[in-house]
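Notes for the one structure printed next.
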Amino acid sequence: MVYSKVLTDSSHGISLKEWRFDSTQADDRSAKGAWSVRKSCLAGGRQEGTEIVEVDNGLLKFVVVPTRGMNLWRAEIQGVRLGWDSPVTEIVHPQFVDLTERGGKGWLNGFGEWISRCGLESMGPPGPDGPQVLTQHGRINYLPASYLEFRFEPEPNPRLVLRGIVDESFMFGPHLQLITEISTEIGSSELVLNDTVLNLADIPQEMESLYHVNFGPPLLGAGAKFLAPIKRVAPRDVRAAEVDMAKWNLYTGPQPAGYTEQVYFAELWADQKGFTQALLQSPDGSLGALVAFNVQQLPYFTLWKNEAPLKTGYVTGLEPATSYPFHRAEERKAGRLPKLAPGESHRADVVIKALLTQADVSAAARKIAELQHSEPHVEATPMA
C-alpha cells in the first residue's frame, strides 16, 4: 500500500516541524535497503526557521528545502559529495534575503545549494523591463512551499516522493504555480524532478525556468571535463570568448584572485523523443554526474564555469532551461521567451544521476557520442 503524509498545508494550517519515517515503519520488504525521511526545522543564525527534509534512499542522501522553493541543498553518495563549497554556508531563510540588494543581486545572499530553480516570472541578470525592475534569477528560489506531502510507493519499484506546491503571485503581477515531485527509487543513485508550472491567471503570462545544478570537488578539478552532444555552442560574452574555444568544455582548476566567471550557451542534440544528457567527468574519469532532460521542454543549455579560488566559490553549473539567462527583454526580442495561455502549463522533467565507477562514466560518454549526430558548430563570437 502507498503511504502518504501531508507535512505542510497552508490552507489547513498544517506544518509539521519535526517528523520522521523509515523503512521499518513502512514494513518495506523489498530488500532494496534501509531508508529514511526526516523533516526538521533549523535554528540559529540566518537559517533560523528554515525547514528541511533529509532523504536517505539507502544509497543516495540529499536535502530538500521547502522553505526555499523546494531546492536541493546538498547530496552525498558513498562518501562522494554532490554540491560545492559556497561562501554562504547556512541555508539562509528568505526573511534574511532582500532580492533588491546590490542593484537587484540579492539572490546571491543565500546562494549555496546543489540544485536551485531560477524563475518563474523571470531569470537572468537584474534590470528594468519596461516599468518593471527585475531582480536576478527571479523569486521562486526564495518562496516557501504552501503544500508538502511525502509518499512511499512500494510498487512497481519502491520509491520515495516529495510533492510540493509553491505559488509565485502578487497583485498586478504574475499568478504562477510550481507543482513539483522530487522522487528517488530505493537504493538508486539518481533522483528525478518532475515539475509543472501553471498559469493560474485568466490572461497570458510569460515564464522562464532554469535548473542551476552545481558541482565542486571531487567532481570538479584540474582535468575535469564537460561532455554533451553539442549542436551549437557560443561564448556568452567577451570574457568567455577569451578562452580557446577548442577547450571551452575543459577545466583547469582554481584560478588566482581576480578570475571572472566564464559562461557558454549551447543547444544539444537529442534522440527522436527529445531526450538528451550532459556529463561532468571528474579529473581522473572515475566519477561523474549526469543531468538528463528533454530538449522539447528545456531547449537551451548553459555551462557556467566559475574556477575562482576555492574559498570564494569554486563551482561549475550544468543548467538546462526554457531560454538563455540573458535579461528577459533580450530573450523576448530573440523569440526565446515562453508565454503560457490562461490555464496552460509547462512541464519539465530532469534526472540527476551520480556515476560511481569509471565504467559508468565511460558508458555515459558513449551514449553522448551516439547522440552527436554531426560535428558541433562552435562559434567564437560572443552572443552578448
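The values are calculated or read from the model by the stated rules, or taken from the named source; none is laboratory data. Small disclaimer: the values here were computed from a predicted structure and weren't measured. Note: ideal-geometry Cβ built from the backbone for every residue, glycine included; neighbour counts use all protein chains shown. Ligands, DNA and RNA are excluded from the accessible area calculation, which covers all protein heavy atoms including side chains. Shrake-Rupley method; radii C 1.70, N 1.55, O 1.52, S 1.80 Å.
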- Task: Search the range 175-197 for residues being under 15 Å from the mean Cα position of the chain (by Cα) and among the charged types (D, E, K, R), and hand back the single one that is most open to solvent (accessible area, probe 1.4 Å).
- Result: E190
- Task: Scan the range 54-81 and report the pairs whose first residue is on the phi < 0 side of the Ramachandran plot and hydroxyl-bearing (S, T, Y) and whose second residue is surrounded by fewer than 19 Cβ atoms within 10 Å (Cβ to Cβ) and part of a strand (DSSP E or B), with Cβ atoms within less than 6 Å and a gap of 6+ or a chain change.
- Result: none
- Message: Yes or no: the range 207-216 includes at least one residue that is at pLDDT 95 or above, outside any strand (DSSP E or B) and more than 22 Å from the chain's Cα centre (by Cα).
- Response: no
- Query: Which one of the conditions (1) over 29 Å from H373 (Cβ atoms); (2) out of contact with any strand residue (DSSP E or B) (no Cβ under 7 Å at 6 or more places or on another chain) does Q272 fail to meet, given that it meets all the rest?
  - Reply: (1)
- Task: Within the range 92-110, identify whether any single residue is out of contact with any His (no Cβ under 9 Å at 6 or more places or on another chain) and more than 28 Å from Q132 (Cβ to Cβ), and answer yes or no.
- Result: no
- Message: Scan the range 173-186 and tell me whether some residue there is over 22 Å from F152 (Cα atoms) and at pLDDT below 95.
- Response: yes
- Task: With the condition kept exactly as written, say whether any residue in the range 348-355 is part of a loop (DSSP other than H, G, I, E, B) and not hydroxyl-bearing (S, T, Y).
- Result: no
- Query: Is it the case that F293 is hydrophobic (A, V, I, L, M, F, W, C) and buried (at least 17 other Cβ atoms within 10 Å of the Cβ)?
  - Reply: yes
- From K39, K5, K61, residue being at pLDDT 95 or above and farther than 30 Å from P217 by Cβ: K5
- Item | Matching residues in the range 140-158 - criterion: being touching a residue at least 40 places away in the same chain (Cβ under 8 Å), open to solvent by 20 Å² or more (accessible area, probe 1.4 Å), out of contact with any helix residue (DSSP H, G or I) (no Cβ under 9 Å at 6 or more places or on another chain) and in a loop (DSSP other than H, G, I, E, B) | P154
- Note on the structure: Residues of the range 243-253 being open to solvent by 40 Å² or more (accessible area, probe 1.4 Å) and either acidic (D, E) or over 23 Å from the mean Cα position of the chain (by Cα) (or both), in sequence order, are D244, A246, K247, T252
- Message: Out of everything in the range 23-56 that is open to solvent by 30 Å² or more (accessible area, probe 1.4 Å), acidic (D, E) and in a strand (DSSP E or B), what residue ends up being farthest from N109 (Cα to Cα)?
- Response: D56
- Scanning for something in contact with a strand residue (DSSP E or B) (Cβ under 9 Å, 6 or more places away or on another chain), of a type in the set (A, V, I, L, M, F, W, C) and under 23 Å from Q25 (Cα atoms), does the range 127-135 turn up at least one residue? no
- Query: Which members of the range 87-119 meet the condition of being open to solvent by 40 Å² or more (accessible area, probe 1.4 Å) and acidic (D, E)?
  - Reply: E90, D98, E101
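Got a sec? Which of L200, L210 is of a type outside the set (S, T, Y) and open to solvent by less than 60 Å² (accessible area, probe 1.4 Å)?
Values: L200 fails: open to solvent by less than 60 Å² (accessible area, probe 1.4 Å).
Being of a type outside the set (S, T, Y) and open to solvent by less than 60 Å² (accessible area, probe 1.4 Å) holds for just one of L200, L210, which is L210.
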- Item | Which numbered condition S30 misses (of (1) of a type in the set (S, T, Y); (2) over 29 Å from P217 (Cβ atoms); (3) in contact with a Gly (Cβ under 6 Å, 6 or more places away or on another chain)) | (3)
- Within the range 325-343, tally of residues that are part of a loop (DSSP other than H, G, I, E, B) and closer than 18 Å to L176 by Cα: 5
- Message: Please verify whether R328 is open to solvent by less than 60 Å² (accessible area, probe 1.4 Å) and at pLDDT 95 or above, treating the condition exactly as stated.
- Response: yes
- Task: Would you mind telling me which numbered condition in (1) under 29 Å from R38 (Cα atoms); (2) more than 16 Å from the chain's Cα centre (by Cα); (3) open to solvent by less than 10 Å² (accessible area, probe 1.4 Å); (4) of a type in the set (A, V, I, L, M, F, W, C) I165 fails?
- Result: (3)
- Message: Being open to solvent by less than 20 Å² (accessible area, probe 1.4 Å), within 16 Å of G313 (Cβ to Cβ) and at pLDDT 95 or above: is that true of S122 here?
- Response: no
- When only residues in the range 1-22 that are open to solvent by 40 Å² or more (accessible area, probe 1.4 Å) and hydroxyl-bearing (S, T, Y) count, which is farthest from T50 (Cα to Cα)? Y3
